[in-house]
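The values are calculated or read from the model by the stated rules, or taken from the named source; none is laboratory data. These figures come from a predicted structure and were not determined experimentally. Cβ: placed from backbone, ideal geometry, glycine included. Neighbour counts: every protein chain shown.
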Amino acid sequence: MGKLIPRYVGPYEVLKRVGKVSYELKLPTELSTVHPMFHVSMVRKCISDPMYILPIEGLGVDEKPSYEEVLVEILDRQVKKLTTKVVASINVLWRNHVVDRATWEAKSIMKSSYPHIFTP
C-alpha cells in the first residue's frame, strides 16, 4: 500500500520564503493542526491538471503525532555491579541514527520490548 498512497496534498499558496530552504504555506482550516512551515524538499511545483490534485476530504491528520524508535542492532553489552545488585545494559543502535548516537539501555526492558532480538 505504501507505494500507491498519494505523496502530496494541495495546491496551497506560498506566503513567504523563510531562509534558504523553507517555505510558509497558506493552509486551509482543516489543516490547522499542521505546522505551516515546510522544507523545500516537501514542496513541489503545482501541476495545473486537476486530475492530479488530491482532495483534502478523507486525509487523516493525527492529532497527536508520535515517532517510534526502531531497534536496528545491539552494538555492545556490559554488566555493572552496584552495591546491592547487578545491572545488565546493552548499547543500542536505533533506525535513522548514526553509531555515535547509540544509547545504553537496560537489558531487561529491551528484552521485554524486543523479544525477537534476544531469541537464542
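Couple of notes before you dig in:
- Complete set of residues in the stretch 69-102 that are part of a strand (DSSP E or B), within 23 Å of the chain's Cα centre (by Cα) and closer than 16 Å to Ser113 by Cα: Leu71, Val72, Glu73, Ile74, Asn91, Val92, Leu93, Trp94
- Considered as a group, the residues in the stretch 5-32 that are farther than 26 Å from Lys64 by Cβ and in a loop (DSSP other than H, G, I, E, B) include one that is modelled with the lowest pLDDT, and that residue is Pro11.
- Whichever residue in the stretch 59-107 is among the hydroxyl-bearing types (Ser, Thr, Tyr) and surrounded by 11 or more Cβ atoms within 10 Å (Cβ to Cβ) and, among such residues, is modelled with the highest pLDDT: Ser89
- Within the stretch 66-81, residues that are of a type in the set (A, V, I, L, M, F, W, C) reach partners that are surrounded by 12 or more Cβ atoms within 10 Å (Cβ to Cβ) with beta carbons closer than 6 Å, at six or more positions or on different chains, in the pairs Leu71/Val92; Leu71/Tyr114; Val72/Leu93; Ile74/Ile90; Leu75/Asn91; Leu75/Leu93; Leu75/Ala102; Val79/Ala88.
- Some residue of the stretch 40-55 being under 30 Å from Val9 (Cα atoms), at pLDDT 90 or above and either among the aliphatic types (A, V, I, L, M) or not in a strand (DSSP E or B) (or both): no
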